[in-house]
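A quick write-up on the structure given underneath.
The values are calculated or read from the model by the stated rules, or taken from the named source; none is laboratory data. What you are looking at is a predicted structure, and each value in this text was computed from that prediction instead of being measured. Cβ atoms come from the backbone with ideal geometry, glycine included; neighbour counts cover every protein chain shown. Remember, those area values only see protein heavy atoms, side chains included, never the ligands or the DNA or RNA. Shrake-Rupley method; radii C 1.70, N 1.55, O 1.52, S 1.80 Å.
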Amino acid sequence: MKKVLIVGGTGVISYAVVNEAIKQNIKVTCINRGRSKNQKLPSDVEVIIADYHNRTQIEYALKGRFFDCVVDVLCYTEKDIEYSVSLFKDKCDQYMFFSSCAVYNKGKGDYVCTEESPLVNPVWQYSIDKVRSEHKLIELSKTYSLNYTIVRPAVTYGNTRIPYGITPPYGYHGTLIQRIIHHKPIILWDNGEALSTITRVEDFAVGLVGLIGNKMAYNEIFHIVGDERHSWSEVIDLLGEILNEKPEFLSLTKEQLAFELPDRKGEILGGRGISQLLDNRKIKTVVPSFKTNIPLKEGLRMTVDYYLANGYLNGVDYSFDGDWDRIVKKYAPSNKSKGFIDYLHNATLKDRFRYYAALYKKTLAVSLLYKIKRVIKKMRFRE
């Protein structure tokens, strides 16, 4: 029986990987802090409850252990890769790194990317960091004679994630559902025309698990992306169809949206605002069972049903809701604002504060409060 160690296991993608590995009779061990509220690991998974960044704790827990493959989904920078490889280089035959299809320089989004296409989207730090991480992994793998596999997902989605370009945090995507139901505008950029390859996580997991212990995957890079390409406007139209509601839209240019959401500027201008066309022939050659089994409409219905069955999970992100209402108010002043809505009939005073703080964040007083909050956050991070 193959043995795999997964760092995490309760995230949108990694949870699907855990379940697919079990289905394929692979012994799964997860390093996890045990804090996830939305998705609990299956009972036949061995869980090492530990802080991944506590080196002493992890080394003690893994003493004398060896796995066919270690899958680390928590690496984003060169420093993360250095730490992870130093922990696991003697603990596995294959080390798997989650990179991203964001690594490509997509130009105008008018060509299909293969695994050999030009790298680095210079306007998106996430892309820059992932490329540097890939290079660092390849360098370290040569140093330690470690077999690596790099996987590059594109836009993925599952029970807690709606595959839309700009969303609240996972677990709060019911906010989009509620905006559609209450006929609040959904913000598009460039009329939502950019295309993206969108893959349900259960399908993604088939591809990834097929690479575990597969010698054809050693020291190789793979797109794990499905066969479907959809525009962002199509995603929302399908969501509206599922909800039996006609979505209302406000379309800006991607430059306008990036101006309004400066923290997501790189993601908008370098990622979601440009079509991403991807070739998946390589993964299909190595894992013949990989394909799109769950089309987007079916997958979106699964997501909506999950939110409805689980009380909208973490609830509504009122900061996100207020921020979108702020943008609508600015660019479509004739739109009749519905203002604050207690969508789930459980909004707190704090929720109201977050909504109005976001709605008026461009005013001098609220802008100052946001700046103070960012400074405090940076100070805490440095500590």
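What are the pairs, 6+ residues apart or on separate chains, where a residue within the range 15-28 that is part of a helix (DSSP H, G or I) has its Cβ under 6 Å from a residue that is hydrophobic (A, V, I, L, M, F, W, C) and surrounded by fewer than 16 Cβ atoms within 10 Å (Cβ to Cβ)?
Filtered contacts from the range 15-28: no entries.
Given (1) farther than 19 Å from SER289 by Cβ; (2) buried (at least 18 other Cβ atoms within 10 Å of the Cβ); (3) not hydroxyl-bearing (Ser, Thr, Tyr), where does ASP263 come up short, assuming only one miss?
(2)
Pairs under 7 Å by beta carbon, first residue closer than 10 Å to PHE88 by Cβ in the range 55-68, partner at pLDDT 95 or above and among the aromatic types (Phe, Trp, Tyr), six or more apart or different chains?
Pairs that qualify, where the first residue is closer than 10 Å to PHE88 by Cβ and the partner is at pLDDT 95 or above and among the aromatic types (Phe, Trp, Tyr): there are none.
Which numbered condition trips up SER43, out of (1) in contact (Cβ under 8 Å) with a residue 24 or more places away in the chain; (2) open to solvent by 20 Å² or more (accessible area, probe 1.4 Å); (3) part of a loop (DSSP other than H, G, I, E, B)?
(1)
Tell me which residues, restricted to the range 100-133, are closer than 22 Å to ALA194 by Cα, in contact with a strand residue (DSSP E or B) (Cβ under 7 Å, 6 or more places away or on another chain) and either open to solvent by less than 40 Å² (accessible area, probe 1.4 Å) or without any contact (Cβ under 8 Å) to a residue 12 or more places away in the chain (or both).
SER100, CYS101, VAL103, TYR104, LYS106, GLY109, CYS113, GLU115, SER117, ASN121
Would it be correct to say that LYS142 is in a helix (DSSP H, G or I), within 27 Å of SER86 (Cβ to Cβ) and open to solvent by less than 70 Å² (accessible area, probe 1.4 Å)?
Spelling it out, it is not the case that LYS142 is in a helix (DSSP H, G or I), within 27 Å of SER86 (Cβ to Cβ) and open to solvent by less than 70 Å² (accessible area, probe 1.4 Å).
Residue check, LYS136 against (1) closer than 20 Å to LEU308 by Cα; (2) open to solvent by 10 Å² or more (accessible area, probe 1.4 Å), all met but one. Which one?
All conditions are met except number (1).
With respect to the numbered conditions (1) touching a strand residue (DSSP E or B) at 6+ places or on another chain (Cβ under 7 Å); (2) modelled with pLDDT under 95; (3) not in a loop (DSSP other than H, G, I, E, B), which one is the sole condition not fulfilled by TYR60?
(1)
Go through (1) open to solvent by 10 Å² or more (accessible area, probe 1.4 Å); (2) outside any loop (DSSP other than H, G, I, E, B) and name the single condition MET96 misses.
Only one criterion in (1) open to solvent by 10 Å² or more (accessible area, probe 1.4 Å); (2) outside any loop (DSSP other than H, G, I, E, B) is unmet by MET96, namely (1).
For the range 192-229, name all the residues that are part of a helix (DSSP H, G or I) and open to solvent by less than 20 Å² (accessible area, probe 1.4 Å).
Within the range 192-229, GLY192, VAL201, ASP203, PHE204, ALA205, GLY207, LEU208, VAL209, ALA217 meet the criteria.
Check VAL45, VAL18 and return the single one that is in contact with a Cys (Cβ under 6 Å, 6 or more places away or on another chain) and either on the phi < 0 side of the Ramachandran plot or polar (S, T, N, Q) (or both).
Within the list VAL45, VAL18, the selection yields VAL45.
Between a residue in the range 298-321 that is under 24 Å from GLY339 (Cβ atoms) and any residue that is in a helix (DSSP H, G or I) and of a type in the set (Asp, Glu), which pairs come within a Cβ distance under 6 Å, given they are 6 or more apart or on different chains?
Close Cβ pairs satisfying both conditions: TYR318/ASP351.
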